[in-house]
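To start, the structure itself, in structure tokens.
The values are calculated or read from the model by the stated rules, or taken from the named source; none is laboratory data. Computed from a predicted structure; not experimentally measured. A quick note on method: Cβ atoms are made from the backbone with ideal geometry, for glycine too, and the neighbour counts reach across all protein chains shown.
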Amino acid sequence: MVDQRLSIPRYWRRMPQYYRLEGVQCVKCGRVYFPPRAVCECGSREFKPYPLPSTGKLVNFTVLYSVPVEFEKMKPLIIGIVDLDGVKVVGQIVDCMNPEKLSPGIDVEVVFRMVKMDGTYGLINYGYKFRPVNNC
Amino acid sequence: MINVKLNKALATITDYEYEGFFGVTPAAQAAMAMKEYMIKYGYDYEDLAIWPIKMHERGSKNPLAYMKKQASLKDVLESEVVADPLRLYDVAPAVDGSAAVVLCNKPLKNDAVIRVDGIGVGAYGTYMGQRDSLTELYSVRDATNMALRMAHATTNDVKLVEVHDTYSILGMLALESMGLVRPGETPRLLSTGALDAGNKLVVNAGGGLKSMGFPGGASGMYELALMVMELMNVKPFESLGRAELGIVQDMAGFDLVSTSIVLRRVS
Ligand SMILES: [Zn+2]
């Protein structure tokens, strides 16, 4: 199996992000960040949670054939950048048998999936992925 | 060949909790930058294949290179896809390697003196989503400006340059972010031979990391040692002519941290 890279407590602390795509919004100026930041561009450190919308548009993508070891059985991976109402997020594009049908600008939605089995004893990591709204 | 364990190790240079965690590797990042570059400036993959072709050509004349063979357009186009549109020939091979540079403050009279005139570092955030552009490397721009300022030089004074090209697109973006080539012009200039030996600006005379190999953290020292040899006109760089100023650029991750060093021949 694969060596543990992301410790269990660290994974647990990221659950609001991995499970709910929770970003943060600056209380002073309204800027939204994902992943969350400690300090805003405006200098403020006051944030409130801001769940990102569950639909958006594809911005850029690549079909990755040479994958890290824990993704070997899922290759090729489609890695993309998705725009969720102005906040861009990087992740896998799934449920797409024909990557040639993908193009920047198409509608995508957030789905909740298994990401990988990590560690010798196989802690299962879950998180967000994206899929095209119209079948492809 | 690129293997899956190496990919896992390389992925730790991404914003690991939000990129590597989901399978993003440096090759995937470079591939998306390449796509953006191709769309922005209207290039096909065939146009960008000029980088590996030119680097292999230089490497074939460099006895220190790891890849001492020429590559044709056909070789590049028929190589396996690593991360569409990036192909195997766009990737610098991972190698073991070492280089050394001796620094001293009292050179002997008959030594050729290469002086360190300027150094600069730059850093930029890593998460791909928070960038407004994938075709400009901000850490490279900042490091280069800092180094040139310290050397009291401008981009026009630079005659030789060694850029970090672990993926061919990164070499092109580095040249453009440093201000040495106008944005979007690199493939065109390379294909006309305008960046080969004998011109105003010579890029990666030794064949870059593409033909020298990518020894991880030692890559900056590789480039530095090559640049010293280029400025001193020692074998195999006799044909470069007496260039006075060279700049070396190295980068970690995708625009994560960059270093630039300006070297000047003073005797
Ligand atoms: Zn703010």
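From the list A:G23, A:G30, the one residue that fits, being within 16 Å of the ligand (Cβ to nearest atom) and either loosely packed, with under 12 Cβ neighbours inside 10 Å or farther than 25 Å from B:G125 by Cβ (or both), is A:G30. For segment B:92-111, state whether one or more residues are surrounded by 18 or more Cβ atoms within 10 Å (Cβ to Cβ) and of a type outside the set (G, A, S). No - not one qualifying residue is present in segment B:92-111.
When you scan segment B:32-44, do you find a residue that is charged (D, E, K, R) and without any contact (Cβ under 8 Å) to a residue 12 or more places away in the chain, even just one?
Start the filter on segment B:32-44 by keeping residues that are charged (D, E, K, R), which leaves B:35-36, B:40, B:44.
Then keep just the ones that are without any contact (Cβ under 8 Å) to a residue 12 or more places away in the chain; that gives B:44.
Yes, segment B:32-44 contains a residue that is charged (D, E, K, R) and without any contact (Cβ under 8 Å) to a residue 12 or more places away in the chain.
Conditions tested, residue by residue: (1) surrounded by fewer than 24 Cβ atoms within 10 Å (Cβ to Cβ); (2) in contact with an Asp or Glu (Cβ under 6 Å, 6 or more places away or on another chain); (3) in a loop (DSSP other than H, G, I, E, B); (4) modelled with pLDDT of 95 or more.
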{"site": "B:L209", "(1), (2), (3), (4)": "no, yes, no, yes"}
{"site": "B:A218", "(1), (2), (3), (4)": "yes, no, no, no"}
{"site": "B:Y222", "(1), (2), (3), (4)": "no, no, no, no"}
{"site": "B:P236", "(1), (2), (3), (4)": "yes, no, yes, no"}
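Only a single item in (1) within 16 Å of the ligand (Cβ to nearest atom); (2) crowded, with 18+ Cβ neighbours inside 10 Å; (3) acidic (D, E) is not met by A:E41, and it is number (2). The requirement of being within 14 Å of the ligand (Cβ to nearest atom), in contact (Cβ under 8 Å) with a residue 24 or more places away in the chain and within 13 Å of another protein chain (Cβ to nearest Cβ) is not satisfied by A:V89. Being within 12 Å of the chain's Cα centre (by Cα), among the small types (G, A, S) and away from the ligand (no atom under 16 Å from the Cβ) is the requirement here; does A:G80 meet it? Taking the combined requirement at face value, the residue satisfies it. Note on segment A:47-56: residues that are surrounded by 12 or more Cβ atoms within 10 Å (Cβ to Cβ) and within 16 Å of the ligand (Cβ to nearest atom) total 2.
For segment A:57-75, the condition holds for no residue, the condition being that it is buried (at least 19 other Cβ atoms within 10 Å of the Cβ), more than 8 Å from every other protein chain (Cβ to nearest Cβ) and of a type in the set (G, A, S).
Looking only at residues of segment B:11-45 that are more than 8 Å from chain A (Cβ to nearest Cβ) and modelled with pLDDT under 95, we find that the one that is farthest from A:Y126 (Cα to Cα) is B:I13.
When the residues of segment A:57-77 are filtered to those that are touching a Phe, Trp or Tyr at 6+ places or on another chain (Cβ under 9 Å) and at pLDDT 95 or above, the one that is nearest to the ligand (Cβ to nearest atom) is A:L58.
Here is the figure for segment A:3-47: residues that are within 14 Å of chain B (Cβ to nearest Cβ), out of contact with any Cys (no Cβ under 7 Å at 6 or more places or on another chain), in a loop (DSSP other than H, G, I, E, B) and not basic (K, R) total 11.
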